[in-house]
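The values are calculated or read from the model by the stated rules, or taken from the named source; none is laboratory data. Bear in mind the structure is a predicted one, so any value in this text is a computation, not a measurement. Heads up, the Cβs are rebuilt from the backbone with ideal geometry, glycines too, and the neighbour counts pull from every protein chain shown. Accessible surface areas use protein heavy atoms only, side chains included; no ligands, DNA or RNA. Shrake-Rupley method; radii C 1.70, N 1.55, O 1.52, S 1.80 Å.
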Amino acid sequence: YPSVEFVEGDVERLPFPAADFDGVLLSGLVHHFPDPSRCAAEVFRVLRPGGRFVAFDPNRMNPFMWLYRDRSSPFYSSVGVTENERPVLARETAEVFRRAGFTVGTDYLSNLRYRYVASAKVRWLLPIYNAIDGVLFGLPIAKRFRSFVLTFGEKN
């Protein structure tokens, strides 16, 4: 894609002018920050009025995400995990973006099939996880426990 320009930068200090973008995608990013408020403030800064953002992160309310990726779990695995990484709570993530000035909404996603995890100890469990994730968490009653939190908002 020769017409696509890639820019490397720090999401807490983006190298772009204020009100420069219509949209920002934070794919698997927010859950790497112990305090994502600077990230949210920077997203707010670079968006035009009416601009929108979407953030996609692992859900701490999902039993599997908690068991495998939350430091408070007895089955936590640090394999392939960065120092600050942890699943998010939807209400906390929404509140961070709300405080930054956004009108915020939340949804939950599941049935995104994993093909690989870094830990060989649990890799064999992926087909079981994928089956449970697709069936159990697809039920409307289990929506808040789906694997991923989708936080979205608009700059007022």
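If a residue has to be under 27 Å from Glu83 (Cα atoms), of a type outside the set (A, V, I, L, M, F, W, C) and either open to solvent by 70 Å² or more (accessible area, probe 1.4 Å) or free of Cβ contacts under 8 Å to residues at least 40 places away in the same chain (or both) to count, how many in region 14-37 make the cut?
Number of matching residues: 5.
Take the residues of region 94-127 that are of a type in the set (Lys, Arg) and assigned to a loop (DSSP other than H, G, I, E, B): which is surrounded by the most Cβ atoms within 10 Å (Cβ to Cβ)? Steps first, answer last, please.
If we filter region 94-127 for residues that are of a type in the set (Lys, Arg), which is where we start, we get 98-99, 113, 115, 121, 123.
Next, from what is left, pick out any that are assigned to a loop (DSSP other than H, G, I, E, B): 113, 115.
Working: Arg113: 11, Arg115: 7.
So, considering only residues that are of a type in the set (Lys, Arg) and assigned to a loop (DSSP other than H, G, I, E, B), the one surrounded by the most Cβ atoms within 10 Å (Cβ to Cβ) is Arg113.
Which pairs have Cβ atoms under 8 Å, sit 6 or more apart or on different chains, and link a residue in region 98-113 that is within 20 Å of Ala19 (Cβ to Cβ) to one that is assigned to a strand (DSSP E or B) and polar (S, T, N, Q)?
From region 98-113, the pairs are Val104/Thr151.
Give me the residue from region 128-143 that is open to solvent by less than 70 Å² (accessible area, probe 1.4 Å) and assigned to a helix (DSSP H, G or I) and, out of that set, nearest to Ser77 (Cα to Cα). Walk me through it before giving the result.
First, pick out the residues of region 128-143 that are open to solvent by less than 70 Å² (accessible area, probe 1.4 Å): 129-134, 137-138, 142.
After this cut, where a residue has to be assigned to a helix (DSSP H, G or I) as well, the list is 129-134, 142.
Values: Tyr129: 16, Asn130: 18, Ala131: 21, Ile132: 20, Asp133: 19, Gly134: 23, Ala142: 25 Å.
Filtering region 128-143 for residues that are open to solvent by less than 70 Å² (accessible area, probe 1.4 Å) and assigned to a helix (DSSP H, G or I), the one nearest to Ser77 (Cα to Cα) comes out as Tyr129.
Being polar (S, T, N, Q) and either over 16 Å from the mean Cα position of the chain (by Cα) or part of a helix (DSSP H, G or I) (or both) is the filter here; which residues of region 30-71 pass it?
Once the filter is applied, which keeps residues that are polar (S, T, N, Q) and either over 16 Å from the mean Cα position of the chain (by Cα) or part of a helix (DSSP H, G or I) (or both), region 30-71 yields only Ser37.
Can you go through Ala40, Ala55 and tell me which one is within 30 Å of Leu125 (Cβ to Cβ) and surrounded by 19 or more Cβ atoms within 10 Å (Cβ to Cβ)?
Selected residue: Ala55, the only one of Ala40, Ala55 that is within 30 Å of Leu125 (Cβ to Cβ) and surrounded by 19 or more Cβ atoms within 10 Å (Cβ to Cβ).
Report every pair of residues separated by at least 6 positions or lying on different chains whose Cβ atoms are under 9 Å apart, first residue within region 58-74 and free of Cβ contacts under 8 Å to residues at least 24 places away in the same chain, second open to solvent by 70 Å² or more (accessible area, probe 1.4 Å) and in a helix (DSSP H, G or I).
Once the first residue is free of Cβ contacts under 8 Å to residues at least 24 places away in the same chain and sits in region 58-74, its partners that are open to solvent by 70 Å² or more (accessible area, probe 1.4 Å) and in a helix (DSSP H, G or I) give Ser72/Trp66; Ser73/Trp66.
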